[in-house]
Amino acid sequence: MVALLASYGRPPGGLPFVVVAPESTVDPQTPDGAAVEIEDRGAAEVTGYAAAVNPAFDVTPHDLVTAIVTDRRVIRLDRGEKL
């Protein structure tokens, strides 16, 4: 949601949306976001009295990401750089 809002923000062309993650989480063998398994951390972390969905993270569409910053490099997707 934040990436989508940034894409419509100011200045013209939106605001940069940067993903910051450890290099160990970058997997060039994963073909796309649909192939990423998202861990459900369980409802108890967010509520003790009702059912809830509690994903550990989400997948941001690549066309909304300006850059990926890891502990070893910066990949500028907006400049056509690849993982």
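Do we find a residue being modelled with pLDDT of 85 or more and β-branched (Val, Ile, Thr) anywhere in the range 39-54? Yes, that holds for at least one residue. Among what's in the range 1-10 and is open to solvent by 70 Å² or more (accessible area, probe 1.4 Å) and not aliphatic (A, V, I, L, M), pick the residue that is modelled with the lowest pLDDT. This residue is Arg10. State whether the residues of the range 42-56 include one that is without any contact (Cβ under 8 Å) to a residue 40 or more places away in the chain, under 15 Å from the mean Cα position of the chain (by Cα) and closer than 30 Å to Gly13 by Cβ. Yes, some residue in the range 42-56 is without any contact (Cβ under 8 Å) to a residue 40 or more places away in the chain, under 15 Å from the mean Cα position of the chain (by Cα) and closer than 30 Å to Gly13 by Cβ.
The values are calculated or read from the model by the stated rules, or taken from the named source; none is laboratory data. All values derive from a computational prediction rather than experimental measurement. With ideal geometry, Cβ positions are generated from the backbone for all residues, glycine too; neighbour counts draw on all protein chains shown. What goes into the accessible areas is simple: the full protein's heavy atoms, side chains included, and nothing from ligands, DNA or RNA. Shrake-Rupley method; radii C 1.70, N 1.55, O 1.52, S 1.80 Å.
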